[in-house]
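The structure under discussion appears below in the form of structure tokens.
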Amino acid sequence: MFKSFKIYNLLFLRLIIILAAIEITILVFKKELLFTAIFSLFIVFLLIREMYFYVKNFVLLYNKTIASIVQDDFSSDFSKHRFNKNYDDLFNLYDTLKTKQKEEVSRDIVYRSILNNIEMGIFILQKEGDDWNIFLMNDYFSRYFDVPKITKWKYLKNHLPALCNIIEEQGFQEVKTAIEIRVNQENVQTFVMQTSRTEICDLDYFIVLLDSIQNVVEKKRKKLG
């Protein structure tokens, strides 16, 4: 994933130097050169300390970068470590995934903007375990049916029981039918409901489109000219 051989070589070189320094210190002690031996011990201590912090910093940086990637948190700034070429591949991976996340966020904003400008009620459910939660609800649906941007299916069922009961009766399967819904405590209105179900990245989604009969008729009139 990164220049591991170079890092391993550096670690091996440090270990060899430490072992050599220890060997020299032992020889100096045997020759009873006290001051030289003490100085050698001090050098060994510095070498061990340097290797400890080298390994510690490497592990901490590696863990922090991987944790950022796993948690989709690309707010960390690794610029001060860029000078170290040993981490090039790791940082290239981080930057690549960061760019992809930005692209996904941009696409999500565009898709939501498109859905919110469609003159048709749309909401998308996402299955979590045995329950369904509201993944997305466009502005038209929220405004037309006077439903807040809720995230739980049970709350939507409290607002629009007729609609939700039909969906549950159909077992959250694909269907195209006409249904009657009372809107804002007024007269019952007829809507065309079309649903579809899809699976993306092992996630189950259920899409519901609602269009009033009046809108359907007006659209057909426009097509006929």
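The values are calculated or read from the model by the stated rules, or taken from the named source; none is laboratory data. A quick note: this is a predicted structure, and the numbers were derived from the prediction, not measured. Glycine also receives a Cβ, built like all others from the backbone with ideal geometry; neighbour counts cover every protein chain displayed. Note: accessible area is taken over every heavy atom of the protein model, side chains too, but ligands, DNA and RNA are not part of it. Shrake-Rupley method; radii C 1.70, N 1.55, O 1.52, S 1.80 Å.
This table checks each residue for (1) part of a loop (DSSP other than H, G, I, E, B); (2) modelled with pLDDT of 75 or more; (3) open to solvent by 90 Å² or more (accessible area, probe 1.4 Å).
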position	(1), (2), (3)
Ala21	no, yes, no
Phe29	no, no, yes
Phe35	no, no, yes
Leu46	no, yes, no
Glu50	no, yes, no
Phe53	no, yes, no
Leu60	no, yes, yes
Thr65	no, yes, no
Item to check | Pair list, Cβ < 6 Å and 6+ apart or interchain, from region 44-55 residues that are touching a residue at least 40 places away in the same chain (Cβ under 8 Å) and within 12 Å of Leu11 (Cβ to Cβ) to residues that are of a type in the set (D, E, K, R) and surrounded by 14 or more Cβ atoms within 10 Å (Cβ to Cβ) | outcome: Met51/Arg14
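Taking the conditions exactly as written (under 20 Å from Asn187 (Cβ atoms) and among the polar types (S, T, N, Q)), does Asn133 satisfy them or not?
Working: under 20 Å from Asn187 (Cβ atoms): no; among the polar types (S, T, N, Q): yes.
No.
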Checklist outcome for this item: When restricted to Asn133, Asn117, Asn92, the only residue polar (S, T, N, Q) and surrounded by 14 or more Cβ atoms within 10 Å (Cβ to Cβ) is Asn133
Item to check | Selection from region 120-179 of residues that are within 16 Å of Asp204 (Cα to Cα), aliphatic (A, V, I, L, M) and free of Cβ contacts under 8 Å to residues at least 24 places away in the same chain | outcome: Ile134
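Out of curiosity, is Tyr140 open to solvent by 60 Å² or more (accessible area, probe 1.4 Å), hydroxyl-bearing (Ser, Thr, Tyr) and modelled with pLDDT of 85 or more? Working first, answer last.
Working: open to solvent by 60 Å² or more (accessible area, probe 1.4 Å): no; hydroxyl-bearing (Ser, Thr, Tyr): yes; modelled with pLDDT of 85 or more: yes.
Considered against the rule, which asks whether it is open to solvent by 60 Å² or more (accessible area, probe 1.4 Å), hydroxyl-bearing (Ser, Thr, Tyr) and modelled with pLDDT of 85 or more, Tyr140 comes out as no.
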